[in-house]
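Enquirer: Have a look at the structure that comes next, please.
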Amino acid sequence: MASSSSSSSSSVSYVYDVFLSFRGEDTRKTFVDHLYTALEQRHIRTYKDDITLPRGESVGPALLKAIQESRHAVIIFSKNYADSSWCLDELVHIMKCRAENGLIVMPVFYDVDPSDVRKQKGDFGKAFSKQEMKNVNKSWRKLFAKQEVEDTTKVESWKKALVDASNISDGTKNVCKRHESMVIKKIVDTIFGGLFPLNSDIDEGLVGMRARLQDLISQLKIGSGGVRMVGIWGLGGGGKTTLATSVYMEIMHQFKSHCIIENIREESRKSGLKKLQGDILSALYKTKMEVYSVAEGKRKIKSMLCHSNVLVILDDVDDLDQLEALAGSPNWFGDGSRIIITTRDEHLLRKHKVDHVSPVRLLSHDEAIWLFNSHAYNEEKHIKDYEKLSLQWSLMLMAPLALKVLEGKSKASNGDIRSLCKMGHYIVRGKHPNNPEKHSRVWKHAEVSNMCFGDATVENDQIEAIELGDFINSQDIMFISKMKKLRWLRLIGYDVGNGEAPNCLSNEYWRYIDGL
């Protein structure tokens, strides 16, 4: 997997993500082997000479070329690293590429102290002295043979490279005094994060997504141990899948294995639960696995994943049987695992006893207005002339699906618009479905009529928009006059906002309307 990096002047393409520089006799079959395997498992393309070097090529030029074609270089300083002129020459070239090409260098101090590398002392210094003496003897032999002597500054270039590399502030120290697996995980996570930065897959065009994503990540409590299941609940088209996928892209590198199982509601009906069980195992183990019964699938998932740290997204679940077949219990998964479930049925999540239910937080009024203005007029600032139009649309734009409909408004079907209207109706009625006086918008004539025949002297500070029938009486006018926040009044067959006046309304009433 080649990666690229951008500098201030140009974009450079790389053949390798990582170049490993190490002394074979010290670490090839131990630390380096484990590090290389961990990098490859994360699909990070790594240059390791005994694996990557083509047969028949000269070692020197091939290694130098590989360094130049790499985004990162990991230098594993061990006791005998400096006893190899190849290693020292590699190091010089690595530090040159760091200075000239922006190569990211990560020193790892394996059983040596950074100060020993910097000052060439201790066991590391002894190894360097041997190589230094070999270079001196080689020069003397050439001198006595009256041959051209190599540049006498070679040893000095080695020393400078050792000093510069050991001074890199974020080096990994004392590897032998720590659990190697944890050290390797930290190195791999750092490299992966550099190659695929956080936020790289967040669609910032989705208004409010960043805040919602951060809220959900905080509920996952990553790093706190245990197994945690979190549900995302909301209406169809409300942005559940988008949110879950965005979170997945942000945190997946922190897990040993990860997968997204999409459209479970549809796929379970079409292919059955055992097919979905096989899909989970195949995705996490990166090999084709089949399941021949749901009961077998449950046993396999539990036995194979109970010791694994995994991230699983179960998208669009609509039946408890699906959850019981795919993520029956927290003990099916290893410590640190996180399961994210999206559904339209909040009750389903409660019955499955997930750790947290996160309702899709709809766009605020300000976010909805911003979204409408930016797409309708290609401007972020609110345009005064379109205030009424923006207000009408703001209700419909409180869910992310509305953005897609707006972008394709010339192609939107009547069904799309009806769906958005239904969604808007649901949102408005919200927590008080049977108390219309607490809604911001009222349009059901029976509810309006009941309110009008109630106590018309009671002020209402909730209703902002109302629709009335084509017959208006004094009771209605009294009721409307007590609405402190009323901004939009619509009569069947008339549009007060456009100045159309039914004959039954008095001049006094119209003066009141004009002042709204």
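Read-outs: derived from the displayed coordinates by stated rules, not from any lab. Keep in mind that this is a model prediction, so the values were computed, not measured. Cβ: placed from backbone, ideal geometry, glycine included. Neighbour counts: every protein chain shown.
Enquirer: Starting with the highest mean, order 311-320, 286-295 by the number of other Cβ atoms within 10 Å, averaged over the residues of each peptide. Walk me through the numbers on the way to the answer.
Expert: Numbers: 311-320: 20.8, 286-295: 12.7.
So the order, starting with the most tightly packed, is 311-320, 286-295.
Enquirer: Under the 0.36 nm per residue contour assumption, what length would be gained going from the current alpha-carbon distance of Glu25 and Glu69 to full extension?
Expert: Details: separation 44, 0.36 × 44 = 15.84 nm, distance 2.54 nm.
Between Glu25 and Glu69, full extension yields 13.3 nm more.
Enquirer: Ok, one more. Could I have the simple spin-label model distance between Lys186 and Asp123, label points 7 Å from Cα toward Cβ, reported in nm to one decimal?
Expert: Using points 7 Å along Cα→Cβ, the separation is 2.0 nm.
Enquirer: Give me the distance in nm between label points sitting 7 Å out from Cα along the Cα-to-Cβ direction at Lys353 and Glu467, one decimal.
Expert: Computed distance between label sites Lys353 and Glu467 equals 4.6 nm.
Enquirer: Can you tell me the length gained on complete extension of the stretch Lys484 to Lys256, counting 0.36 nm per residue apart and subtracting the Cα distance?
Expert: 76.4 nm
Enquirer: Then there's this: Could you size up the charge dipole of region 209-359 around its Cα centre, putting +1 on the beta carbon of Lys and Arg and -1 on that of Asp and Glu, and report it in debye to the nearest 20?
Expert: Approximately 280 debye in magnitude.
Enquirer: Per q in 0.08, 0.21 Å⁻¹, report the Debye log10 I(q)/I(0) for region 209-359, using one uniform scatterer on each alpha carbon and no solvent.
Expert: With no solvent term, the Cα-only Debye profile gives -0.19, -1.46.
Enquirer: Then there is this: Cβ under 10 Å from Lys119's Cβ, Lys119 left aside: what net charge do those residues give with Lys, Arg +1 and Asp, Glu -1?
Expert: After counting each charged neighbour, the total is +1.
Enquirer: Follow-up. Using a Förster radius of 35 Å, what is the FRET efficiency between Val15 and Asn263 based on their Cβ-Cβ separation? Nearest 0.05, please.
Expert: Step by step, r from the Cβ atoms, then E = 0.40.
Enquirer: Follow-up question, since we're still on this one. Full-extension gain between Lys134 and Ser449, please, as 0.36 nm times their residue separation minus the C-alpha to C-alpha distance.
Expert: Gain on extension, Lys134 to Ser449, equals 103.2 nm.
Enquirer: Next question, about the same structure. Evaluate the distance, in nm, between pseudo-label points positioned 7 Å from the Cα of Glu290 and of Ser303 along their respective Cα→Cβ axes.
Expert: Once both label points are built, they end up 1.8 nm from each other.
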